[in-house]
Amino acid sequence: PLYDVVVSGGGMVGSAMAAVLGHDIHFHDKKIALLEAGPRKEYDHMPDSYSNRVSSISPGSATLLSSCGAWDHVCSLRLKPFRRMQVWDACSEAMIVFEKDDLDDMGYIVENDVIMSALTKQLDAVADRVEVFYRSKAVGYTWPLPSHGCDTSPWVQVELADGRRLQTKLLIGADGHNSMVRKEAEIKNIEHQYDQSAVVATLHLSEATDNNVAWQRFLPTGPIALLPLSDTASSLVWSTSHDHASELLAMDEESFVDSINSAFWSNINHSDFIDTAGAMFRSAISLLKPSGTAVRQLPPSVAEVDAESRAMFPLGLGHATEYVRPRVALIGDAAHRVHPLAGQGVNLGFGDIACLAHHLSAAAFNGSDLGSLKHLLKFETERQRHNVSLLAATDVLKRLYSTTLAPLVLLRTWGLQATNALPPVKVRI
Amino acid sequence: QLSLFRFTVKRPFSTSHSSVDSKEIKKFQLLAQKWWDEEGEYAALHSMNDIRVPFIRDTLLSMSSNYNLGNPLSGIKILDVGCGGGLLSEPLGRLGASVTGIDPVEDNIRTADQHKSFDPVLAERIQYKSSSLEEIVEESMETFDVIVASEVVEHVADLEMFIKCCSQVLKPEGSLFITTINKTQLSYVLGIVVAEKIMGIVPEGTHEWEKFVPPEELERLLESNGFSVRSVKGMLYNPLSGSWSWVRSRSLNYALHAVRAGAPPQPHATDTLPETDVQQRSATAGTA
């Protein structure tokens, strides 16, 4: 069977891609297939406890999910908007606060399962256009030969584990950072394993609070972040060395909670020198710009951790040198893998979807061949331009904050304080 | 302001197949394989789709009352005259139209047939035939809702005859879309001298400046053969970006949309009967 588009990978990004195309008016009469290796998950009702895998969803991503009708489902399930983000250093008093002047939300913390549930519902709604293949792992791809006017099929052939074969005019690889589509297409991937793992867990706060602030503190071993889930619960994402991560998982719950609180509250890494230098800089700024230093809020303290909610996964950086080939496009982690410290991972993927869907929709309305490189290259150029700078910036931040060396700490302290004082720079971020 | 040049080799479009030059046929056969290489000899024609398809689509959409955006041209019968390898037929087919593509060069039709064969939807919506326009007139009177003659009229031996044939196979109030090259000093300098002799973008001898058609003449011929010209727009090719755009000036390439007049009103039966009788009698007297 011949499909117009086959999306390989049914995670948040792959499912969203299929759902967005399925709801596109110019794809009304097209055939789309979504291949997912795992089984179909039923999300009939959410368990009372929160899942430990959550994502920070930007307003732009929320708009994309709205466009295919999924955001309404997310809102009716559960999510936590946050208004403020406070990021500070463990080695100094430097701090930067992000918040919107108007009363808009900066972003939303949503469990990945909630997003999947919403997307699955919206895929069901367009089942006449989008066929989802569960338990269908792709084991092989055959690319069309470049020369035209020859006798062989011009389509991409996909072979599934159970022997079934599909043909498609466009293959979209949304199969994660170990993307098989990318490997089979022989697209070079620049990758780097960070010597860090992220520890995630669901935490309960000592006392109920508005909890609409996202907290992140840069420790020398890596950033620790507390993302609000509700008035009494928050999600932990603690990037640290592999050894420390294993220790954190192994220790008993009380010690784990103590480590978290101490990570947020302790000033052990401060040095007098840095503190003085930082204070001087801050006074200088307040002379120039009286409103330039924001009020420092205190993060909530943690009382307990959900049993069984601790987990860890390794972190790395990755970027595909090409996002497209004739009849192939990569989106999400298949194209780029980023450190969680910026909370951007899935948002980059949703950004890819918005851009690719825009170009494919225009191509469909022009009667063009969907697999044509012409519009695929436009997608690649737009997204690479955007993604590369973000990946580079995130990587630089990660390295900059991984040290206790005085000069670098001073640099980042002043840098952070200055950035906090300059509205134009903050808005860009 | 560089030019636009024709990437299709000159296709002698004459009233009978026997006037087809065998030298021209050979030129075509060589290039028949190249139609579908988006970056090859026909790159500019491929990218011309980016403006000519929306032009046709939007004009037809604005003239129809209801449509489904998934298949905006569904239910419309289109004749693509001088379809070549099917570069324009396929997008029109994808948008839902039933397309008949004709071209006098058999190799072109063969390439077009083969290319569409891999897509079952297109294979059903598009039919190709190796033929000239004149040859299908008899069996296709008032059959088509739309005719597209893109980069064709500058090759036709008898333009007025061509237009008359278009009128015959078009339904009343059907649309005719033409894209072609103007006959100006500029099109000689850029289209022939620069494109063919200097930059070598177009094979030498592809174009005959004498056969380029100024829009004023095309309009005159159309209006005097039952067509009403609705719009004429200038087109410009940028060889650096490889893309086409709409421009005000028509001194190089241009696109035109015309509509065939509707059926003439029927004479009233009652009061004019005697006059009609007299007229008929004198008419028959004249021809007897």
> Helix A:12-22: angle to the longest alpha-carbon principal axis of chain A, degrees 0 to 90, nearest 10?
Replying inline: 50
> Fully extended, how many nm does the chain gain between A:Thr321 and A:Glu99 (0.36 nm per residue separation, minus their Cα-Cα distance)?
Replying inline: 76.5 nm
> Sorted by packing (mean other beta-carbon atoms within 10 Å per residue), highest first, where do B:133-140, B:242-249, B:156-163, A:369-376 land?
Replying inline: A:369-376, B:156-163, B:133-140, B:242-249
>> With +1 on the Cβ of every Lys and Arg and -1 on the Cβ of every Asp and Glu, and nothing else charged, how large is the dipole of region B:22-260 about its Cα centre, in debye rounded to the nearest 20?
In response: 520
>> Given a Förster distance of 30 Å, report the FRET efficiency between B:Ser65 and B:Thr143 from their Cβ-Cβ distance, rounded to the nearest 0.05.
In response: 0.85
>> What does the structure give for A:357-367 when I average, per residue, the other chain Cβ atoms found within 10 Å of the residue Cβ?
In response: 4
> Once phi is turned into ³J(HN,Hα) by the Karplus curve 6.51 cos²θ - 1.76 cosθ + 1.60 with θ = phi - 60°, what whole-Hz value does each residue of region B:41-52 show in order, with x for glycine and proline?
Replying inline: 4, 9, 3, 5, 5, 4, 6, 5, 4, 4, 10, 6
> Assigning unit charges at the beta carbon (Lys, Arg +1; Asp, Glu -1) and nothing else, what dipole magnitude in debye, to the nearest 20, does region A:371-410 show about its Cα centre?
Replying inline: 100
>> Given R₀ = 30 Å, what would the calculated FRET efficiency be for B:Glu39 paired with A:Arg385, taking r from the Cβ atoms and rounding to 0.05?
In response: 0.85
> If you average the sequence gap of Cα pairs under 8 Å that are 6 or more apart and divide by the length of chain A, what percent do you get for the contact order?
Replying inline: 22
> How many partner chain Cβ atoms sit within 10 Å of a residue's Cβ in peptide B:44-52, on average, as a whole number?
Replying inline: 2
>> I want to check the label-to-label distance for A:Met280 and A:Thr209. Put each point 7 Å from Cα in the C-beta direction and report it in nm to one decimal.
In response: 3.3
>> Taking θ = phi - 60°, what integer Hz values does the Karplus form 6.51 cos²θ - 1.76 cosθ + 1.60 yield along region A:58-72, in sequence order, with x for Gly and Pro?
In response: 7, x, x, 5, 4, 4, 4, 5, 5, 5, 10, x, 7, 5, 4
> To the nearest 0.05, what FRET efficiency results for A:Trp143 and B:Glu216 with a Förster distance of 56 Å applied to their C-beta separation?
Replying inline: 0.65
> Rounded, prolate or oblate: which fits region B:22-260, taking a ≥ b ≥ c as square roots of the Cα gyration tensor eigenvalues, rounded meaning a/c under 1.5, else prolate when a/b beats b/c?
Replying inline: rounded
> Considering only DSSP beta bridges with both partners in region B:22-260, what is the antiparallel share in %, to the nearest 5?
Replying inline: 50
> Whole-Hz Karplus ³J(HN,Hα) for region A:108-117, in order, using 6.51 cos²θ - 1.76 cosθ + 1.60 and θ = phi - 60°, x for Gly and Pro?
Replying inline: 9, 9, 10, 5, 4, 4, 5, 4, 4, 4
> Nearest 10 degrees, 0 to 90: what angle lies between the long axis of helix A:272-288 and the longest principal axis of chain A (Cα atoms)?
Replying inline: 80
>> Going by Cα centres, region A:299-330 and region A:366-384 are how many Å apart?
In response: 27
> Quick one: length gained pulling A:Ser153 to A:Thr403 fully straight, 0.36 nm per residue minus the C-alpha distance?
Replying inline: 84.5 nm
> Considering only DSSP beta bridges with both partners in the protein assembly as shown, what is the antiparallel share in %, to the nearest 5?
Replying inline: 65
> For region A:229-275, what class follows from the C-alpha gyration tensor (a ≥ b ≥ c being the square roots of its eigenvalues): rounded when a/c is under 1.5, otherwise prolate if a/b is larger than b/c, else oblate?
Replying inline: oblate
> So how far apart, in nm, are the two label points at A:Ala393 and B:Gln114 if each is 7 Å from Cα heading toward Cβ?
Replying inline: 5.1
>> Can you list residues from other chains, or at least 5 along the same chain, whose modelled amide H is less than 5 Å from the amide H of A:Ala33?
In response: A:Val5, A:Val6, A:Val7, A:Glu131
>> Need one value for B:110-119: mean number of C-beta atoms belonging to other chains within 10 Å of its residues' C-beta atoms.
In response: 3
> In nm, to one decimal, how far is the B:Ala261 label point from the A:Ala125 one, both placed 7 Å along Cα→Cβ?
Replying inline: 5.3
> What is the helix-to-structure angle for A:253-265, meaning the angle in degrees between its Cα long axis and the longest Cα principal axis of chain A, kept from 0 to 90 and rounded to the nearest 10?
Replying inline: 70
> Ranked from highest to lowest mean number of other Cβ atoms within 10 Å per residue, what is the order of the peptides A:105-111, B:87-93, A:15-21, B:141-147?
Replying inline: A:15-21, B:87-93, A:105-111, B:141-147
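Read the figures in this text as sums done on the coordinates, not as results from a lab. If you're wondering where the values come from, they're calculated on a predicted model, not measured in any experiment. Every residue, glycine among them, receives a Cβ derived from its backbone with ideal geometry; neighbour counts consider all protein chains shown.
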